[in-house]
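Derivation of every value follows stated rules applied to the coordinates shown; laboratory data play no part. Treat the numbers as computed from the prediction; the structure is a model and nothing was measured. When we count neighbours, we look across all protein chains shown, and the Cβ atoms used for this are built from the backbone with ideal geometry, even at glycine.
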Amino acid sequence: MTTFADIAPILERQAIELPSWAFGNSGTRFKVFGTPGTPRTPEEKIADAAKVNELTGLAPAVALHIPWDLVDDWSALRSYAEGLGVQLGTVNSNTFQEDDYKFGSLTHSDPAIRQKAVDHHFRCLDVMDATGSRDLKIWLADGTNYPGQDSLRARQDHLAESLAKIYDRLGDDQRMVLEYKFFEPAFYHTDVPDWGTSFAQVSVLGDKAYTCLDTGHHAPGTNIEFIVMQLLRLGKLGSFDFNSRFYADDDLIVGAADPFQLFRILFEVINGGGLEVDSPVQFMLDQCHNVEDKIPGQIRSVLNVQEMTARALLVDRPALEAAQAAHDVLGANGVLMDAFYTDVRPALAEWREGRGLPADPMKAYAESGHQGKLAAERVGGKQLSWSA
Ligand code: LRH
Ligand code: MN
Ligand code: MN
């Protein structure tokens, strides 16, 4: 039997990066609702992320999106973040909001547009040098809407050539992660639609290039934990963008739509060594809070990941292996389900208190009056939206 005391040392080192854009206002193409207290500057987004870390001990870094988080002085932003107890984390490049990129960025047929997109990534690497960030995350909106619109093959070749230029500029301690998504904003094809394409592109680059798996970027019914297992097996799972979805790329709170799927993913992460000290896997959220308050939305999210990690760690592995070896189908399934149905919340609450954290971070935030204080303080200026 695995006990909570056995798994505590692993929980101790769990770290989940928060996306700066989760603290901005967001919505759908129909309406973006404003929330009182929403940040007006990158510094205010970082302060909100630091609050999540203060109450949970789980979120020591904030991911940036360039150009959404542009500042004049990156070293000053870094010192500001460190003063609040958080690091600046993954830098996300953004080549999807300029007219020049209407028909593609790193895959564009025009070499001048491709070079412009490559140069943007070079600027992101400069930012990383100043912020001390390790990872450059590339997600491309590139794709086509109609069969025949462009050459699928030529675009893939352009992508390989552009990525190689960016890879060559990575510092010794820097990495590149290539995120895939099977649709949106392009609807016929996207240039990095699936893990296989990301894997094919990053494997020819070298050891510093990995795949990023965003849980919302798969067709409904996809067995995501299988992909997790395969990428770990191949040594190419670089990072997660966690969120949950009911229909499309909903970016809802991780574990909200399908807690069992999150459990199965984390079970495969553990099996593949993804929680070990030297693991290459970076855990990150990629979410938006359209109608709920953003700070408690992020607190709920990191707690969901922690709770499912604890349950996945509690799987009685010797019992599972014995049942599997005996082809005891229902016995093996039962071992897994026993762990999934274990309520770890009381043990986690006690463990948090032992580390000087609030037993219930959601309650502590609600009772702190912090949300009201932000709403009173953050008047004037322009609230940021998730995409600026
Ligand atoms: C694309 C995506 C990608 C972007 C983020 C804002 O859907 O998941 O990670 O950087 O959303
Ligand atoms: Mn993502
Ligand atoms: Mn997405």
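Listed by chain and number, the aspartates and glutamates whose C-alpha is less than 14 Å from the C-alpha of K181, apart from same-chain residues fewer than 8 away, are D142, D191, D194, D214, D241, D249, D250, D251, D286.
Under 5 Å from the amide H of M176 lie the amide H atoms of L136, A209, Y210, each residue being 5 or more positions distant or on a separate chain, with H modelled from the backbone and absent for Pro and chain starts.
Here the contact order of the range 1-55, divided by its residue count and restricted to Cα pairs under 8 Å and six or more residues apart, works out to 30 percent.
Taking packing as the residue-averaged number of other Cβ atoms within 10 angstrom, the listed peptides 268-279, 11-22 run from highest to lowest as 11-22, 268-279.
Determine, for Y101, Y80, Y180, the number of other Cβ atoms within 10 Å of each Cβ, and report the residues in order from fewest to most.
So the residues, fewest neighbours to most, are Y80, Y101, Y180.
Under the classification rounded if a/c is under 1.5, otherwise prolate if a/b is larger than b/c and oblate if not, where does the chain fall, given a ≥ b ≥ c as square roots of the Cα gyration tensor eigenvalues? Since a/c reaches 1.5 but b/c is at least a/b, the shape of the chain is classed as oblate.
Distance from the alpha carbon centroid of the range 213-262 to that of the range 1-47 works out to 17 angstrom.
Remark: the range 143-151, residue by residue, has Karplus-estimated 3J(HN,Hα) of x, 10, 9, 9, x, x, 4, 7, 7 Hz, where x stands for each Gly or Pro and the curve is 6.51 cos²θ - 1.76 cosθ + 1.60 at θ = phi - 60°.
Taking neighbour Cβ counts within 10 Å as the exposure measure, how do K181, K294 sort from fewest upward? Provide the component values of the computation, followed by the final result.
Details: K181 23, K294 27.
Ordered from fewest to most neighbouring Cβ atoms within 10 Å, K181, K294 come out as K181, K294.
Each residue of the range 36-41 was assigned a 3J(HN,Hα) from its phi angle through the Karplus expression (A = 6.51, B = -1.76, C = 1.60, θ = phi - 60°), giving x, x, 5, x, 10, 9 Hz with x at Gly and Pro.
Do any trypsin sites (Lys or Arg not before Pro) in the range 330-386 lie in a loop, going by DSSP, with at most 12 other beta-carbon atoms within 10 Å of their beta carbon, and if so which? Show your work: numbers first, answer last.
Values: sites: R352, R355, K363, K373, R378, K382; in loops: R355, R378, K382.
Answer in residue order: R355, K382.
Normalising the average separation of contacting C-alpha pairs (under 8 angstrom, six or more residues apart) by the number of residues puts the relative contact order of the chain at 21 percent. Here is how the number arises for the chain: DSSP H runs of 4 or more residues each give -39500 (n - 2.57), the sum is divided by the residue count, and the result at 222 nm is -13500 deg cm²/dmol.
Can you compute the charge dipole magnitude of the range 303-347 about its Cα centre, using +1 on each Lys and Arg Cβ and -1 on each Asp and Glu Cβ, nothing else charged? Give it in debye, rounded to the nearest 20. Don't skip to the answer; put the middle values down first.
Numbers: 3 positive and 6 negative charges, 25 e Å.
Charge dipole, the range 303-347, about its Cα centre: 120 debye, nearest 20.
In this structure, the pairs whose alpha-carbon distance is over 25 Å, taken from K51/K208; K102/K208; K137/K363; K51/K382; K51/K363, are K51/K208; K102/K208; K137/K363.
Sorted fewest first by neighbouring Cβ atoms within 10 angstrom, E367, E54 come out as E367, E54.
For the range 282-388, what does the relative contact order come out to in percent, with C-alpha contacts under 8 Å and a separation of six or more? Don't skip to the end; give the middle numbers.
Numbers: 50 pairs, mean separation 24.9, N = 107.
The value is 23 percent.
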